[in-house]
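A.B. asks: Quick one: the structure is below, and I'll ask about it shortly.
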Amino acid sequence: MKDKIAVQVDDLTVAYNYKPVLWDVDLKIPEGVLMAVVGPNGAGKSTLIKSVLGIVKPLAGSVKVFGKPYEKQRRHVAYVPQKGSVDWDFPTTALDVVTMGTYGRLGWMRRPGAKQKKEALEALEKVGMLPFKNRQISQLSGGQQQRIFLARALVQNASVYLMDEPFQGVDATTEKAIIRILKDLRRTGKTVIVVHHDLQTVPEYFDWVTFLNVKKIATGPVKEIFNDDHLTQTYGINYKVSIQP
Amino acid sequence: MDIQEYFSLLFTDYTLRTITLGTALLGAVCGMLGSFAVLRKQSLLGDAISHAALPGIALAFIIMQTKNTSAFLLGALISGLAGTFWIRSIVKNTHLKSDTALGLILSLFFGFGMLLMTYIQKMPNANQAGLEKYLFGQAATLVESDIWLMFWVTLGALIILLLFWKEFKILLFDPEYTLTLGFNTRFIDVLMTSFMVLAIVLGLQTVGVVLMSAMLLAPAAAARQWTDKLWVMIVLAALFGAMSGIGGTAVSASYNNLSTGPVIVLVAAGFVGISFIFAPNRGLIAQRIRYVKNRNDLKLHKTLAFMYEIAKTHEDFQHPHAIKLFNNFQGYSRKSMKKLAEKNLITFDQKMWSLTKEGFEQAANLYNQNPQKP
């Protein structure tokens, strides 16, 4: 199962204000893995995700999804942005935001109908937010807003999911709920790439990991490469994590 | 003429009808498009566009050497668009933030426009230019062809809005996500901005460069107070805008020599004021009521929680205790005791109180937001 490459990044270099944020990053992410991208602040984790998605224009490099350029494969890639990237006081409801996940497939000018609504409701159900479907989005808690974003990506029914810190500022219950959904996605053969901060939970949640600090330090199965050596190289300090067997 | 007379003349007097229709249409289209500016946090864009249009009008006069409203409009449109896209390219290509870019372009274009105006004043045919009216607007100069132009622009904006409703909505809410879905966000953005420029340019003659941004922002800001639905907000903004136009025209026609543009803006500001105070949920009064209610609830909760702490140490939680145990710090007062008794959460007499079964259960779950079902 793990021989097909879902996302391939070649020679990716991104700079803001002359300072490189990502330097010559090569990545091959096999299909069906649940991968954490870890690294210190400013390591370029979010930038990596955003340049894969074409939101940030790289200086050099290319991104392929299932062997074809990303631009041709947009339908197969879903994105969960950081919660803080939008204004939650926007006049709309939870259901409406989740329905936005269907817009890409609908294309220009076509309105979402009963089918799209049904899909959105199913996604809300999956993330346990169905009782809140008509709630104005500013009335939702941070964890609920995060789950709404997750549901919006689920509606896209993509093959690859890119998530920018989905666990940021959510409580333990929500974190467990989200990771259960991510593991479900992996079980159905989807590829999930997550920018992650909590090193302690990496071995428990993920089976694949990329160490990033402007340059790629290492990428591979958690069991093989999640060790003190790579952590020290990435974070620049003598890092010790206790890995529970 | 008083206001009653105005409304009776509205259907017979040609000039009055033209002006009223014009200001109403202008208010409606500005309210509609202004909602987008407000939701994108680009409230000052309207101000920048209207100021940027001034040199276009002056240049049009210098080139044509005569007063020609269509040429003025075209000039305003071109320089308004130029200013807008210049702002966007500054934000995109430099480290300057959008407020700085807006302020910079606004004053640069306006300064250049004023320079051209003083130049025009020294020209022999200066007195026929009538350019001053573009500064503060003069609704009385509206003629039927202007109304038709406004009508077509409003209709066009409405059709575009209905066709691209979903694209507009998602771009307003989350532009980066919109891009990842495969939409050409620049196209949606340019479409939205172009219509905004068009509406502003049309309004210059009526409301003027200086006050134009209020026409965009005030109805939208007022409308946002009343609803949490995007389409309701846009419809309300259009309605408030149209009513400001009509109301402003009525007032200015009723009191001689009152300039229409400023009165329209004041009426729109009145809508904002009323909305900020009286709107349900988001209004100041509603907020105050909620605050007082929360505080009263909290007081009851505090008393109940304190009673629970005492009661749970006894095997029989209904065991009566002395009221003397309390003081004001626990939120205790005769009134809150009575309220708790009304809710059937406690019983009490002159000296003693005890929790009821409901009271005990509710107190146990008081601070548990998501009570787990077994």
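A.B. asks: Can you give me the accessible area per residue for region B:286-366, using a 1.4 Å probe, in Å²? Write out the running numbers ahead of the final one.
C.D. replies: Values: 5480 Å² over 81 residues.
With the other protein chains kept in place, region B:286-366 gives 68 Å² per residue.
A.B. asks: Suppose every Lys and Arg Cβ carries +1 and every Asp and Glu Cβ carries -1, with no other charges. What dipole size does chain B come out with about its Cα centre, to the nearest 20 debye? Could the numbers behind the result be given before it?
C.D. replies: Values: 31 positive and 21 negative charges, 255 e Å.
Magnitude of the dipole: close to 1220 debye.
A.B. asks: May I ask you to list the trypsin sites (Lys or Arg not before Pro) in region B:42-106 that are in a DSSP loop and have at most 14 other Cβ atoms within 10 Å of their Cβ? Let's see the in-between values first.
C.D. replies: Values: sites: B:67, B:88, B:92, B:97; in loops: B:67, B:97.
Qualifying residues, ordered by number: B:67, B:97.
A.B. asks: Right, next: Whole-Hz Karplus ³J(HN,Hα) for region B:264-278, in order, using 6.51 cos²θ - 1.76 cosθ + 1.60 and θ = phi - 60°, x for Gly and Pro?
C.D. replies: Ordered by residue, 3J(HN,Hα) equals 4, 4, 5, 5, 4, 5, x, 4, 4, x, 4, 5, 5, 8, 9 Hz.
A.B. asks: Quick one: ranking B:226, B:152, B:165 by accessible area, 1.4 Å probe, largest first, what do you get?
C.D. replies: Listed by decreasing accessible area, they come as B:152, B:226, B:165.
A.B. asks: Still on this model: So which chymotrypsin sites (Phe, Trp or Tyr not before Pro) in region B:1-110 pass both tests, a DSSP loop state and at most 11 other Cβ atoms within 10 Å of the Cβ?
C.D. replies: B:11
A.B. asks: Compute the accessible area of each residue in region B:32-58 twice, once for its chain alone and once with every protein chain present, using a 1.4 Å probe on heavy atoms, and list those whose area falls by at least 20 Å².
C.D. replies: B:39, B:41
A.B. asks: Also, quick follow-up: Considering the dipole of region B:286-366 built from charges on the beta carbon (Lys and Arg +1, Asp and Glu -1) around the Cα centre, which of B:294, B:348, B:362 is farthest to its positive end?
C.D. replies: B:294
A.B. asks: Considering only protein heavy atoms, what is the solvent-accessible area of residue B:145 at a probe of 1.4 Å, reported in Å² to the nearest 10?
C.D. replies: It works out to around 80 Å².
A.B. asks: A further question on this structure: Roughly what % of DSSP beta bridges within the protein assembly as shown run antiparallel, to the nearest 5? Don't skip to the answer; put the middle values down first.
C.D. replies: Working: 27 of 44 bridges.
Rounded to the nearest five, the antiparallel share is 60 percent.
A.B. asks: Give the accessible area for residue B:18 in Å² (nearest 10); use a 1.4 Å probe, count only protein heavy atoms, and leave out ligands, DNA and RNA.
C.D. replies: Residue B:18 exposes around 10 Å² with every protein chain in place.
A.B. asks: Rounding to the nearest 10 and keeping the result within 0 to 90°, find how far the Cα-based axis of helix A:142-155 lies from the longest principal axis of chain A.
C.D. replies: Relative to chain A, helix A:142-155 is tipped by roughly 80 degrees.
A.B. asks: With the cut-off at 19 Å, tell me which of the pairs A:57/B:92; A:28/A:68; A:45/A:126; A:50/A:117; A:115/A:190; A:126/B:229 have Cα atoms farther apart than that. Let's see the in-between values first.
C.D. replies: Working: A:57/B:92 12 Å; A:28/A:68 13 Å; A:45/A:126 27 Å; A:50/A:117 28 Å; A:115/A:190 23 Å; A:126/B:229 25 Å.
A:45/A:126; A:50/A:117; A:115/A:190; A:126/B:229, as the Cα separations exceed 19 Å there.
A.B. asks: Mind grabbing the interface size between A and B? I mean buried accessible area, both sides, 1.4 Å probe, in Å² to the nearest hundred. Walk me through the intermediate numbers first.
C.D. replies: On the way: alone 12470 and 20240 Å², together 29810 Å².
The buried area between A and B, both sides summed, comes to about 2900 Å².
A.B. asks: Among the lysines, select those whose C-alpha is under 23 Å from the C-alpha of residue B:324, and discard any that sit fewer than 8 residues away in the same chain.
C.D. replies: Hits, sequence-local ones excluded: B:299, B:302, B:312, B:335, B:338, B:339, B:343, B:351, B:357.
A.B. asks: In terms of modelled amide H atoms, which long-range or inter-chain residues lie less than 5 Å from the amide H of residue B:346?
C.D. replies: Hits under the 5 Å cutoff: B:341, B:356.
A.B. asks: Scan chain A and hand back the longest stretch that contains none of the chymotrypsin sites (Phe, Trp or Tyr not before Pro) lying in DSSP loops with at most 15 other Cβ atoms within 10 Å. Can you show the working numbers first?
C.D. replies: Values: sites that count: A:18, A:108, A:239.
Excluding the exposed sites themselves, the longest stretch runs over A:109-238.
A.B. asks: Which loop-located trypsin sites (Lys or Arg not before Pro) does region B:239-298 contain, where loop means any DSSP state but H, G, I, E or B and the Cβ has at most 16 other Cβ atoms within 10 Å? Don't skip to the answer; put the middle values down first.
C.D. replies: On the way: sites: B:282, B:288, B:290, B:293, B:295; in loops: B:282.
Hits after loop and neighbour filter: B:282.
A.B. asks: On the accessible surface of the protein assembly as shown, probed at 1.4 Å, how many percent belong to carbon and sulfur atoms? Intermediate values should be presented prior to the final figure.
C.D. replies: Numbers: 17580 of 29810 Å².
Roughly 59 percent, rounded to a whole number.
A.B. asks: Taking +1 at the Cβ of each Lys and Arg and -1 at the Cβ of each Asp and Glu, which of B:278, B:56, B:256 sits farthest along the dipole of chain B towards its positive end, judged by Cα position relative to the Cα centre?
C.D. replies: Selected residue: B:278.
A.B. asks: So what's the back-of-envelope 222 nm ellipticity for chain B, counting only DSSP H runs of four-plus at -39500 (n - 2.57) apiece and dividing by all residues, rounded to 500?
C.D. replies: Helix contribution divided over all residues of chain B: -24000 deg cm²/dmol.
A.B. asks: Going by the alpha-carbon gyration tensor, a ≥ b ≥ c the square roots of its eigenvalues, is region B:44-101 rounded (a/c under 1.5) or, if a/c is not under 1.5, prolate (a/b greater than b/c) versus oblate? Each step should come with its number before you reach the end.
C.D. replies: Values: a/c = 3.69, a/b = 2.87, b/c = 1.29.
Cα axes put region B:44-101 in the prolate bin.
A.B. asks: List the residues, sorted by chain then number, that are 5 or more residues from residue B:352 or on another chain and whose placed amide H is less than 5 Å from its amide H.
C.D. replies: Answer set, sorted by chain and number: B:323.
A.B. asks: Let me ask another. Could you give each residue of region A:161-172 its phi-based ³J(HN,Hα) in whole Hz, using Karplus coefficients 6.51, -1.76, 1.60 with θ = phi - 60°, and x for Gly or Pro?
C.D. replies: Once θ is set to phi - 60°, the couplings for region A:161-172 become 10, 10, 10, 9, 6, x, 9, 5, x, 10, 7, 4 Hz.
A.B. asks: Tell me what chain A gives for mean residue ellipticity at 222 nm when only DSSP H runs of n ≥ 4 count, each as -39,500 (n - 2.57), the sum divided by the residue total, rounded to 500 deg cm²/dmol. Working shown, then result.
C.D. replies: On the way: 9 runs with 77 residues, N = 245.
It lands at -8500 deg cm²/dmol.
A.B. asks: At a Cα cut-off below 20 Å, give the aspartates and glutamates reachable from residue B:122, other chains included and same-chain residues fewer than 8 away excluded.
C.D. replies: Excluding near neighbours in sequence, the set is B:132.
A.B. asks: Same structure, new question: Placing unit charges on C-beta atoms (Lys and Arg positive, Asp and Glu negative, everything else neutral), compute the dipole magnitude of the protein assembly as shown about its Cα centre in debye, rounded to 20. Don't skip to the end; give the middle numbers.
C.D. replies: On the way: 65 positive and 45 negative charges, 210 e Å.
The calculated dipole for the protein assembly as shown is roughly 1000 debye.
A.B. asks: Keeping all protein chains in the complex and leaving out DNA, RNA and ligands, what accessible area do you get for residue B:89 with a 1.4 Å probe, in Å² to the nearest 10?
C.D. replies: For residue B:89, solvent-accessible area is about 50 Å².
A.B. asks: I would also like to ask the following. Can you tell me how region A:1-97 classifies by the Cα gyration tensor, rounded, prolate or oblate, using a/c under 1.5 as the rounded cut?
C.D. replies: Values: a/c = 1.83, a/b = 1.22, b/c = 1.50.
Oblate, since a/c reaches 1.5 and b/c is not below a/b.
A.B. asks: Considering only protein heavy atoms, with the full assembly of protein chains and a 1.4 angstrom probe, order B:342, A:165, B:176 by accessible area, largest first.
C.D. replies: Details: B:342 150, A:165 25, B:176 65 Å².
Accessible-area ranking of B:342, A:165, B:176, largest first: B:342, B:176, A:165.
A.B. asks: List, by residue number, every residue in region A:147-162 with a reduction of 20 Å² or greater in accessible area between the chain on its own and the complete protein assembly, 1.4 Å probe.
C.D. replies: A:152, A:156
A.B. asks: Each residue of region A:122-127 in turn: what ³J(HN,Hα) in whole Hz from Karplus with 6.51, -1.76, 1.60 and θ = phi - 60°, glycine and Pro shown as x?
C.D. replies: The phi angles translate into 4, 5, 4, 4, 4, 8 Hz.
A.B. asks: Cα gyration tensor of the protein assembly as shown, axes a ≥ b ≥ c as square roots of the eigenvalues: rounded (a/c below 1.5), prolate (a/b > b/c) or oblate? Please report the intermediate quantities before stating the final value.
C.D. replies: Numbers: a/c = 2.55, a/b = 1.28, b/c = 1.99.
Cα axes put the protein assembly as shown in the oblate bin.
A.B. asks: Please list the non-local residues whose amide H lies under 5 Å from the amide H of residue A:208, H modeled 1.01 Å from N, same-chain partners needing a gap of 5 or more.
C.D. replies: A:34, A:36, A:222
The values are calculated or read from the model by the stated rules, or taken from the named source; none is laboratory data. Treat the numbers as computed from the prediction; the structure is a model and nothing was measured. All Cβ positions, glycine included, derive from the backbone under ideal geometry; neighbour counts span all protein chains shown. Surface accessibility is based on the protein's heavy atoms, side chains included, excluding ligands, DNA and RNA. Shrake-Rupley method; radii C 1.70, N 1.55, O 1.52, S 1.80 Å.
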